[in-house]
1. What is the magnitude of the charge dipole of the stretch 12-257 about its Cα centre, with +1 placed on the Cβ of each Lys and Arg, -1 on the Cβ of each Asp and Glu, and no other charges, expressed in debye to the nearest 20?
2. Using each residue's phi in the stretch 258-265, evaluate 6.51 cos²θ - 1.76 cosθ + 1.60 at θ = phi - 60° and report the 3J(HN,Hα) Karplus result to the nearest Hz, with x for Gly and Pro.
3. Quick one: Karplus J couplings for the stretch 216-221, per residue in order, coefficients 6.51, -1.76, 1.60, θ = phi - 60°, nearest Hz, x for Gly and Pro?
4. Would you mind pulling out the separation of the Cα centroids of the stretch 209-265 and the stretch 108-172, in Å?
5. So what's the angle, to the nearest 10 degrees on a 0 to 90 scale, between helix 36-52 and the longest Cα principal axis of the chain?
6. Check residue 150: other-chain or 5+ apart residues with amide H under 5 Å from its amide H, H built from backbone geometry?
7. Calculated FRET efficiency, residue 99 and residue 232, Cβ-Cβ r, R0 41 Å, to nearest 0.05?
8. Calculate, for residue 70 and residue 21, the FRET efficiency according to 1/(1 + (r/R0)^6) with r their C-beta to C-beta distance and R0 51 Å; round to the nearest 0.05.
Amino acid sequence: MSSAAESSPMWPKPVSSEHERRAIRIEIGVVLVVTFGLSGASAALSLLESALSPGGVGGQTVALNPSRAALSTIDLLFQLLSVARLLGWAALGLYLLWRSGIAPRMIGLARGLRWRDDVLPGLILAAVIGIPGLALYLVAHALGVSVTIVPSSLEHWWRLPVLVLSAWANSAAEEVLVVAWLITRLRQLGWTENRSLLASALLRGSYHLYQGLGGGLGNLVMGLVFGRYWQRSSRLWPLLLAHALIDTVAYVGYTFLRGKVSWLP
């Protein structure tokens, strides 16, 4: 593949072999069952359960980073296993692309971060998504279409570094698989950019439905913005930075603000 093709947001070109197309479809099915596809189905069931429960969706509470064990050391190991699982999902996406000739640098993970091309856009994306996202959650919660989200219920001394690790692991798994890997594979199947973008955004929204309709809608919008940015720029670092920053602020901010401000559910 030429360097010009590598730099174009439209690469790779659709595959022509029916054997290759079948292999890509199988790969998509298997990866989604193992990762976010099954999570989306589970989240939809959780939303249905919340809607049918006494008090409805608005009466439910969901902890994003709950304590998993009474003993601090065991709880820490459980948290690190969750981080490792998410990083493993990201590694799976990168590996599958690499095996098919698409190196990490070709999806926007070149070595080294550039302030102008990566860090600054990441900060802007974090603000564009994070601030309205918080407002949408507060409105949705007030309307009773969002559960009460508890970003962290951890109380151990190691909670802050683990929350930061969790934020980065979430970012890596979602942006590598849901954006770079999935859209690349759909391109190879001949899907249009708009259709691929919608599929990616719907997937992102689906596995956040456990947060209620507000959470699903907010993440659908996030998926549209992030996916389009990647399609236009072919740079993944800004998405990774933005997502990690949004989650870090949510997790760590909640830890410090809980019980101290009246507007936080």
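1. Values: 19 positive and 12 negative charges, 167 e Å.
Once rounded to the nearest 20, the dipole reads 800 debye.
2. So the J values, rounded to whole Hz, are 4, x, 10, 10, 7, 7, 8, x.
3. x, 5, x, 6, 4, 5
4. Cα centroid to Cα centroid, the span is 4 Å.
5. 30 degrees
6. The list, which skips near neighbours in sequence, is 62, 63, 64.
7. 0.95
8. Working: r = 51 Å, r/R0 = 1.00.
Approximately 0.50, to the nearest 0.05.
Laboratory data are not the source of any read-out in this text; all were calculated from the coordinates shown. Owing to the predicted nature of the structure, the values given are computational and were not obtained by experimental measurement. As a convention, Cβ positions derive from the backbone with ideal geometry for all residues, glycine included, and neighbour counts pool all protein chains shown.
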